[in-house]
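Student: This is the structure I have questions about; it appears just below.
The values are calculated or read from the model by the stated rules, or taken from the named source; none is laboratory data. What you see is a predicted model; the values in this text were computed from it and never measured. Here the Cβ positions follow ideal geometry from the backbone for every residue, glycine too, while neighbour counts run over all protein chains shown.
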Amino acid sequence: MSDSFFRRKADEIEARRQGRLPPGQALTNKFPVLHYGAVPPFNPLTWDFRVWGEVETPLRLSWDEFNQLPRTPLTMDIHCVTRWSKLETAWEGVSLRTLIEQGIIKPLPAAAYVLQHAEYGFTANLPLEVCLQDNFLLATHYEGQPITPEHGYPLRGVIGAIPGRDDLEVPYFWKGAKWLRGLEFMTRDRLGFWEQAGYHNEADVWKEQRYA
């Protein structure tokens, strides 16, 4: 066995000791690629990002316009339902909470859920209150570089655990959609792609809510 295996196991033991590794998870130093279907093409001249539903004014932004939005860095641990976890991942992108605080998006009072719409009709659902937490981001960059196509370029939702922040709900990583194209604000919850396939709707990593 290589030294890297023993280092990973030592890191895993320390992560468990610190309470950063949820039940049933194993630490990885890689970033596994997992998705359903092909990687979609990206054309910055035709790509757009939409916001609609329970908002005062629907929004449509071009790629250039999206990149003018305020930027937010975020470092967190991410946990996949397939049982791998990766610590200290560094992201950069757009905070939904910032967009709402600055009045760029104005949800109506009845808005309670958000459905992420991605390429090929893929969807992922979350309560609005979770999307407004510090651990949810509309990410364009990972570790200082644009997200790779396999990981969701040019835009993906990301959600994970911020060490020391026990006040945050932490769903599994699938609750952030790759190849994101829009957000639909809703009064009632609507199951996303994987939830319709039998995955747990809340997906709390600490409760091991993997399947319905």
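Student: Return the only residue of Leu108, Leu99, Leu138, Leu132 being closer than 17 Å to Trp179 by Cα and not polar (S, T, N, Q).
Tutor: Leu138
Student: Out of all the residues in region 21-49, which are at pLDDT below 95 and of a type in the set (D, E, K, R)?
Tutor: Lys30
Student: Working carefully through the options Leu45, Leu34, find the one that is among the hydrophobic types (A, V, I, L, M, F, W, C), surrounded by fewer than 12 Cβ atoms within 10 Å (Cβ to Cβ) and either in a loop (DSSP other than H, G, I, E, B) or touching a Leu at 6+ places or on another chain (Cβ under 8 Å) (or both). Let's see the steps before the verdict.
Tutor: Details: Leu34 fails: surrounded by fewer than 12 Cβ atoms within 10 Å (Cβ to Cβ).
Criteria check complete, one pass: Leu45.
Student: Just the residues that are within 30 Å of Leu155 (Cβ to Cβ) and assigned to a loop (DSSP other than H, G, I, E, B), please, taken from region 7-31.
Tutor: Hits for region 7-31 are Arg20, Leu21, Pro22, Gly24, Gln25, Thr28, Asn29, Lys30, Phe31.
Student: Something else about it: Looking at (1) among the β-branched types (Val, Ile, Thr); (2) farther than 26 Å from Ala197 by Cβ; (3) touching a residue at least 60 places away in the same chain (Cβ under 8 Å); (4) surrounded by 17 or more Cβ atoms within 10 Å (Cβ to Cβ), which is the only condition Thr75 fails?
Tutor: It fails just one condition, (4).
Student: Now for a different question. Scan region 145-164 for residues that are part of a loop (DSSP other than H, G, I, E, B) and in contact with an Asp or Glu (Cβ under 7 Å, 6 or more places away or on another chain) and jot them down.
Tutor: Gly160, Ile162, Pro163
Student: Could you tell me which of the residues Ser4, Ser85 is hydroxyl-bearing (Ser, Thr, Tyr), farther than 28 Å from Glu119 by Cβ and outside any loop (DSSP other than H, G, I, E, B)?
Tutor: Answer to the check: Ser4.
Student: Turning to a different aspect of this structure: Can you go through Pro163, Pro127 and tell me which one is surrounded by fewer than 22 Cβ atoms within 10 Å (Cβ to Cβ) and at pLDDT below 95?
Tutor: Only one candidate qualifies: Pro163.
Student: Just for region 170-186: of the residues that are part of a loop (DSSP other than H, G, I, E, B) and more than 17 Å from Val51 (Cα to Cα), which one is farthest from the chain's Cα centre (by Cα)?
Tutor: Val170
Student: Which one is surrounded by the most Cβ atoms within 10 Å (Cβ to Cβ) among residues in region 88-118 that are touching a helix residue (DSSP H, G or I) at 6+ places or on another chain (Cβ under 9 Å) and part of a strand (DSSP E or B)? Before you say what the answer is, go through the steps one by one.
Tutor: Let us first name the residues in region 88-118 that are touching a helix residue (DSSP H, G or I) at 6+ places or on another chain (Cβ under 9 Å), namely 94-97, 104-107, 111-114, 116, 118.
With the extra rule that they be part of a strand (DSSP E or B), the set shrinks to 94, 107, 113-114, 116, 118.
Numbers: Val94: 20, Pro107: 18, Tyr113: 20, Val114: 27, Gln116: 24, Ala118: 23.
The selected residue is Val114.
Student: Which of the residues that make up region 187-207 are assigned to a strand (DSSP E or B) and either surrounded by fewer than 19 Cβ atoms within 10 Å (Cβ to Cβ) or on the phi > 0 side of the Ramachandran plot (or both)?
Tutor: Correct list: Asp204 only.
Student: Among the residues in region 170-181, are any more than 21 Å from Tyr36 (Cα to Cα) and either modelled with pLDDT of 95 or more or not charged (D, E, K, R) (or both)?
Tutor: So far as region 170-181 goes, yes, one or more of its residues are more than 21 Å from Tyr36 (Cα to Cα) and either modelled with pLDDT of 95 or more or not charged (D, E, K, R) (or both).
Student: Using beta carbons and a limit of 6 Å, which pairs, at least six apart or on different chains, have the first residue in region 128-157 and more than 21 Å from Pro107 (Cα to Cα) and the second one of a type in the set (S, T, N, Q)?
Tutor: Partner pairs satisfying both residue conditions: Leu155/Thr140.
Student: OK, next. Among the residues of region 137-172, how many are of a type in the set (Phe, Trp, Tyr) and within 25 Å of Leu61 (Cβ to Cβ)?
Tutor: 2
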